[in-house]
Structure formats: structure tokens, C-alpha cells
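Rule-based calculations on the coordinates, nothing more; no lab input. Note that the structure is a prediction, hence the values are computed from the model and not measured. Backbone-built Cβ (ideal geometry, glycine too); neighbour counts: all protein chains shown.
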Amino acid sequence: MTLTVRRRAIASVAAAALVAGGAAGFGLSESVSPAYAQALPKTPIEAPEHPPGSFASVVDKVKPGVVAVKVKLDDSASDDDDDSSGGPNMQQVPPQLREFFKRFGQGGPGGRGMPQQRGQRGAVGSGFIISADGYVVTNNHVVDKAKTVQVTLDDNRTLDAKVIGKDAKTDIALLKISESGSYPYVQFGKGAPRVGDWVVAIGNPFGLGGTVTAGIVSARGRDIGAGPYDDFLQIDAPINKGNSGGPTFNVNGEVVGVNTAIASPSGGSVGLAFAIPAETVQTVVEQLRTDGKVVRGYLGVQVQPVTKDIADGLGLDKAKGALVDHAESGTPAAKAGLKSGDVIESVNGAPVNDARDLSRRIAGLKPGTEVKLAYLRGGKSDVATVELGTLPGDGKVASRSESSSSGQARLGLSLAPASEIGLGDEGVAVMDVDPTGPAASKGISQGDVILDVGGTSVTKPSEVQAQIRAAESNGRKAVLMRVKSAKGQTRFVAVSLSNKEG
């Protein structure tokens, strides 16, 4: 059964004690200073709206469009992948967090207290229909390595479905019900919800399809380390194993998010759930439906946030924007004249809050799109017009089910000579990492530099590939790499060459 404390979601647990003033030896003054009294509001603050007395009308309207997703896993799925919950693919979870998920997040095959049938390997999640002809949205991690997929409708019909496309970076997958027909479907909301808005989640927790929970939007723009484009809605509607891929609705019955992760020390709901915003989902689904894959825009800069100290040093009023470390040679950014030290303030007139915000905005645009970047250089404002390229590796990183002679694809890496992108004369730079690949499971990330493979120094991707092939031909189960992180720290990493991590 399934749900999801998924992938990189984790919460640290802290205890806070509130101590009465007298017990701690402190007194609470009953007087109020005149200055503070003048600042107090003259009239009480009134809530603009009363909470709804019932969500029944919303649920009646949208529930027929929500489905349970049942998956039979491919034989290549490892034991760690199979928690029968549609929960985290353990190879997508950072190594330092795996013990947390093993102890608290999964509860063994079949879910807590719900044993699997002998020999059965499956997963269960949620999804929702977005068109009358049967397109279904769910999470990538629910159907990853799926051999077969079925969806169970609200009327209890179970129908076969096929995977049209999936995107690991946003954890979105698009399915299509195989049987022709006219299906009830739901619609995406036209605007982002506000913090404090009521939301309703419907899904298949622990295999209990059609379960409805409610809460509010607790926060927006959350980065939980699940992927390079994190921008989650945080909601307090109870989400458990099996809700993954299910919809979060506003009170008008519009989808505002796709439930994808919870943070919990126990594996159960503690009121910290995360949903992918509808705006992101629609952009990804459109490409999956048309092309079966997602291709993202590429600027070609390495950026970092503008901290308060950096803002002071640059003479900026606010710590906002993305500071360019360097523009990689031959990229759209370099051709447009962007340089190290520039602060990108907006994209097509929309303010850029920080480096991650810039990455999300650029990735949300298609290659070939022309954008106007407003930036500061030496205290002076300027605008550059840039035609975006294609993010290296997008749509090209081989999945595990694909057979590929390319060693770097086998490991889930997109590489480039470090010398060509300003990362020094030694090694091969990691441009992109497939979060489901063996390299990601060992902590290799974008911006790292591979210095040698199998004891041999490398400066080109082809040399990395040659050493991987040599290791394979020698019967090696793993290849040893020496890797330098973006912070300059060097370490050895053994990356599996098989389709299964042991």
C-alpha cells in the first residue's frame, strides 16, 4: 500500500517549551507603554470570510475525476524501490536520508501491518483525470519502473493505462486510460492559492480509495530538497501513503496542486504535506502530452543568491536577485554579454527573488524563446536579450529501462569538459543528473567535477565513457571516480554499473 514520505522530504524534530514567567523567576508586566498603546489597532481585526460549514458540495463535484493508481513494478526495481506504496524510490533519496526512510517511512512491503501476497511486486498511488478522453496526472515516483499500470475509477471500474511520459525533476507523470470512452474530469485552477486558503485533498491512502481530507495552505514556495525546481505548496490537510499523485482542490473544485511528499518522523501525517503547484503541473503535462518528454530552456550561467552582505557590498537596497558566478563559454548567456558579478533582477519584467527562482523561470520556458533579462553591473542597470538554448541532458538522459551503450547515460549523467565552462583545466563537469540514476544515488550533483575514473584522469566526456566501458569489459560491478564538489572538496565515489543498486 502506499504513500509517501517521498524522496528528499524530511523533517527535523524539535521540542519547544513555554515556561510561565513566575516559574522562571520573571514577571509579566500588566502595564502597557504609551508608545506601544498608540500603535495598537483601534478596532478588532475581523476575519473577511467564515470557514465553510461543509466541503460536501465540492467533494460531490470533483470526486468522480479522482482515481487510484495501481502499478506492477518492472523486474529491475530493487528491494529498496518496492515498498508497495508508491512511496520514495530509494535511489532518488539522498544517501544521508535513506536510513530515516527505511526506519520510519516505509514499514516494509505492503505497508504497515498489511502484508503483500507472496511474489507480488507493486505500488499504489493516486491520480486525477484531466480530459474526457482519459488523460491522467500522477507522480513520476508512483509509476517509475512500472511494468503495467491500472487506474480504479470512483465507480469501482479498474482499467488499464499506459505511461505517456514522465518528468523526474518535477515528479510528474502523464497516463492515458487505454479503453476509449468519455470520462469525468477535473480542471486546474487559474490562479495560485493564498496562504490560509482552504484546500481539499482526495486520494488513495493505504489503498483506501476516495478518502477526503481538508486543511489550509500553510505556506508557498517551499524548497524541501526534492529536486532542482522545488516550489511546493505546503498544506496541512492529512496526507498519507497512497496519496501521492492525488489532487489538492480549492473550494471551487479546481486543482491547485498535486500531492507529492510529506515530512514526518513516523511515516504518518503530522500536518506537513507538500504539493506541486498547478501552474508547474500544467506546463509539464502540456509537454508530456505533446512530446512525451520535457525540454527546458537553458541560459548557461552559474548563479548564487544575493545575501545581505553581498547586497551591501554591491550597494543594493535589497538582498534580491541572482548573482552570476560566471557565464559558461558559448552559451546563450555568454553570447548576450552576461559576465561574472552581474546581478539578474528580472526575466521579461517579472522580478527574480533568488538563484532558484531564476532557474525555475528559465526552465519553465522552451528552448528558442527570446527573453529580456534586466541586470545590474557596477551599479548601473541594463537589459540583455537572450535566446534560450536547450538544457544539456534534457530528454536525453537514458532511463533504466533503456539499453544504452553510453556510459554516462547509464549512470544518469550529462557531462561537459570543465575547461569549456570555466571550472578549471582538469576534469569533466557534471551538467545535469538524472535523479533516478546510479550517480545521483551516490550524491553526485550538478556542478561537481569528475577528476578521474578508474584511476585514469579525464578531461572529456568521451574519456569518462571509455573508462566506464573498460570497467564493464573487465567484469567490474562498479566504477571508482574521484569527484570534486562545487565547494572544492575531493572524494572517491564508487558508482554501480548494474541496473540495480545493492
By the mean-Cβ-within-10 Å protection proxy, highest first, 234-246, 274-286 rank as 234-246, 274-286
Proxy exposure order for H141, H326 (fewest C-beta within 10 Å first) is H326, H141
Quote the charge dipole size of the stretch 407-496 about the Cα centre in Debye, to the nearest 20; the model charges only the Cβ of Lys and Arg (+1) and of Asp and Glu (-1).
360 debye
At what distance in nm do the modelled label points of R377 and S266 sit from each other, each positioned 7 Å from its Cα along Cα→Cβ?
5.7 nm
Taking amide H positions as placed 1.01 Å from N in the peptide plane, with prolines and chain starts having none, which residues 5 or more places from H326, or on another chain, fall under 5 Å of its amide H?
Q302
Of all trypsin sites (Lys or Arg not before Pro) in the stretch 194-235, the ones in DSSP coil with at most 13 other Cβ atoms within 10 Å are R194
Exposure proxy check: T170, T307, T248 ranked by fewest other beta carbons within 10 Å?
T307, T170, T248
Please report E345, E179 as a ranked list, fewest other C-beta atoms within 10 angstrom at the top and most at the bottom.
E179, E345
N348 and K190 label points (each 7 Å along its Cα→Cβ direction) are spaced in nm at 1.9 nm
Quick check on the stretch 213-332: take the gyration tensor over C-alpha atoms, sort the square-rooted eigenvalues as a ≥ b ≥ c, and tell me if it's rounded (a/c under 1.5), prolate or oblate.
oblate
Is there a pair in K366/K460; K70/K162; K145/K169; K293/K366; K162/K366; K70/K145 whose C-alpha atoms are over 18 Å apart, and which pairs would that be?
K366/K460; K162/K366
Tell me, what is the FRET efficiency for L480 and T158 to the nearest 0.05, using R0 = 45 angstrom and their Cβ-Cβ distance as r?
0.45
Dipole magnitude of the stretch 268-385 about its Cα centre, charges +1 at Lys/Arg Cβ and -1 at Asp/Glu Cβ only, in debye to the nearest 20?
200 debye
